[in-house]
Amino acid sequence: MKSFRLLGTSAFAFLLISCGQTATEGYRINGKITNPKYDERTVYMVDAAGHKCDSATVKDCKFTFEGKHDATKVMELVVHENDSDMFPVTLPVVLEKGNITVEMGDMVYVADTEENDRMMNFLMEKDKFIDGMYGKSLSADSVKSEFATFIVQQVLKNGNSTVGKYIFNSYKSKLDEKQIEECNKIIK
């Protein structure tokens, strides 16, 4: 009888633990600061209009954000090295259901959800494009034209996803009317 009670109690405890470990209903950003000079600083979550929506203090080079949203959307994480820092580290992050891994500092990184993997691919392609522009003898107009072509390609590649919409809305001012029209066929 004792072993049956112990087995029943164990099964009930397992059931309680299992129920408590349901999948993440919202997002959780697990952040790491790769440069210790940002330790004890505040990481801000900023919307497209530049409003601070949330913040987290960096402790032992780590920070966390948690929350829920009805639909995925892009926010930017921003951290300043000091109070007079004019060029903070900024990283666009897609708030979507799941655990999101972020690294900020001398380099930035975001991953572990579908849209954030897509965002990281875009950021790497953009860096590759910019690096490819160095050393070329191009006029300013040629660089602007090539960048606009790159942006259209990225919008088309990412389609009507959250990242595709983010790219289009963030860089629309760099496109001509024909390019905007082409992107609008994809972005709904």
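Per 0.36 nm of contour for each residue apart, how much would the distance between Thr101 and Lys172 grow if the chain were fully extended, relative to their Cα-Cα spacing? Working shown, then result.
Numbers: separation 71, 0.36 × 71 = 25.56 nm, distance 2.81 nm.
Extra length from Thr101 to Lys172 when fully extended: 22.7 nm.
Leaving out ligands, DNA and RNA, and with a 1.4 Å probe, what % of the accessible surface on the chain is carbon or sulfur?
53 percent
About its Cα centre, what dipole magnitude does the chain give when the only charges are +1 on Lys and Arg Cβ and -1 on Asp and Glu Cβ, stated in debye to the nearest 20?
Its charge dipole is roughly 640 debye.
Taking the Cα-to-Cβ direction at Asp127 and at Lys188 and moving 7 Å from each Cα, how far apart do the two end points lie in nm?
3.4 nm
Can you give me the Cα centroid spacing of region 117-188 and region 34-69 in angstrom?
Between the Cα centres of region 117-188 and region 34-69 lies a distance of 27 Å.
Could you give the semi-axes, largest first, of the ellipsoid that matches region 113-188, computed as the square roots of 5 times the alpha carbon gyration tensor eigenvalues and rounded to whole Å?
They are 22, 17, 7 Å, listed largest first.
Give me the Kirkwood hydrodynamic radius of the chain, using the inverse of the mean 1/r over all pairs of distinct Cα atoms, in Å to one decimal.
Details: mean 1/r = 0.0523 Å⁻¹.
By the Kirkwood definition, the hydrodynamic radius is 19.1 Å.
Using the heavy atoms of the protein chains and a 1.4 angstrom probe, tell me the accessible area per residue for the chain in square angstrom.
64 Å²
Just to confirm the filter: which trypsin sites (Lys or Arg not before Pro) across region 32-93 are DSSP coil and have at most 16 other Cβ within 10 angstrom of their Cβ?
Those that pass, being in a loop and sparsely packed, are Lys68.
Given Cα pairs under 8 Å that are at least 6 residues apart, what percent is the relative contact order of the chain? Intermediate values should be presented prior to the final figure.
Details: 281 pairs, mean separation 31.4, N = 188.
It comes to 17 percent, rounded to a whole number.
Quick one: ranking Cys183, Cys53, Cys61 by accessible area, 1.4 Å probe, largest first, what do you get?
Putting Cys183, Cys53, Cys61 in descending order of accessible area: Cys53, Cys61, Cys183.
The values are calculated or read from the model by the stated rules, or taken from the named source; none is laboratory data. Predicted model only: the values in this text are computed from it and were never measured. Cβ coordinates were reconstructed from backbone atoms using ideal geometry, including for glycine residues, and neighbour counts include every protein chain displayed. Surface accessibility is based on the protein's heavy atoms, side chains included, excluding ligands, DNA and RNA. Shrake-Rupley method; radii C 1.70, N 1.55, O 1.52, S 1.80 Å.
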